[in-house]
Amino acid sequence: MEISSAGDYVYVGCMGGKSVHVIRTQDNTVTDVLELDSGPTCLEAIPGGEYVYIGNSGVKQIRAIRTSDNTLMDPIDTEEYPKTLLASADGEYLFIFNKSSYEPRYEVIRLTNGESIYNIRTSQVYTYGIRLPGTNVAVLVRQNDDKISILNLDNRIFAPTVTTGPDPIAVAASQDGSELYVIDGLTSRIYFFR
């Protein structure tokens, strides 16, 4: 799920239905169902922007939804199959983490023209991620690991990992970014970090 930067719509990816459902938050009404070629794996709203981006599991591309009228835009090709999307704080760049266990990497796309400007190999597959509010710092969940990774989106340098519960599956942050919550699938606990 993802919420528009204005907070007026929630976008819910339906993997099996190959669609994104658009819910108006004012009255919790589904206003649109946007059909895709493949099931969405991730959604990311551009900060202060007018687009929500979608990564699809079966195609090497991302799509944008224009939030002013919930129109599905033309695809932007990617080098790999997207698993996790993160936007820079200024909304100019999209970081696309792939789903390959054999050659994990992430690509950085300049959104003004769809140009791929970096493609960087990593040692991990990242299954979920968030950008801390008001920063260019990302927190990423590592696949099959008991750790999360911290990535500086400005210089693309990873900080030392943080050990969490045995099976982290998602992360959330407080609005000011000072508190981090890590949801663990194996223990059914939420781990709290400052």
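Computed quantities for the displayed model
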| quantity | calculated |
| --- | --- |
| Set of lysines near K60 by C-alpha distance (under 27 Å), chain-local residues within fewer than 8 positions excluded | K18, K83, K99 |
| Mean shadow area of the stretch 30-152 over all directions, Cα convex hull, nm² | 7.8 nm² |
| Most mobile of Q124, Q143, Q26 in a GNM of the chain (Cα contacts under 10 Å) | Q26 |
| Contact order normalised by residue count of the chain, Cα under 8 Å, 6+ apart, percent | 10 percent |
| Percent accessible area from carbon and sulfur atoms, the stretch 13-172, protein chains only, probe 1.4 Å | 45 percent |
| Long-range Cα-Cα pairs in the stretch 91-194 (distance over 15 Å), rounded percent | 63 percent |
| Charge context of M15, other residues only, Cβ under 15 angstrom, K/R +1, D/E -1 | +1 |
| Accessible area of the chain divided out per residue, in Å², using a probe of 1.4 angstrom | 49 Å² |
| For the stretch 104-165 versus the stretch 40-75, the gap between their alpha-carbon centres in whole angstrom | 19 Å |
| Along principal axes, Cα extents of the stretch 21-78, largest first, whole Å | 35, 23, 16 |
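The values are calculated or read from the model by the stated rules, or taken from the named source; none is laboratory data. This one's a predicted model, so the numbers in the text were calculated from it and none came from an experiment. So basically every Cβ, Gly included, is an ideal-geometry build from the backbone, and we count neighbours across all protein chains shown. Accessible surface areas use protein heavy atoms only, side chains included; no ligands, DNA or RNA. Shrake-Rupley method; radii C 1.70, N 1.55, O 1.52, S 1.80 Å.
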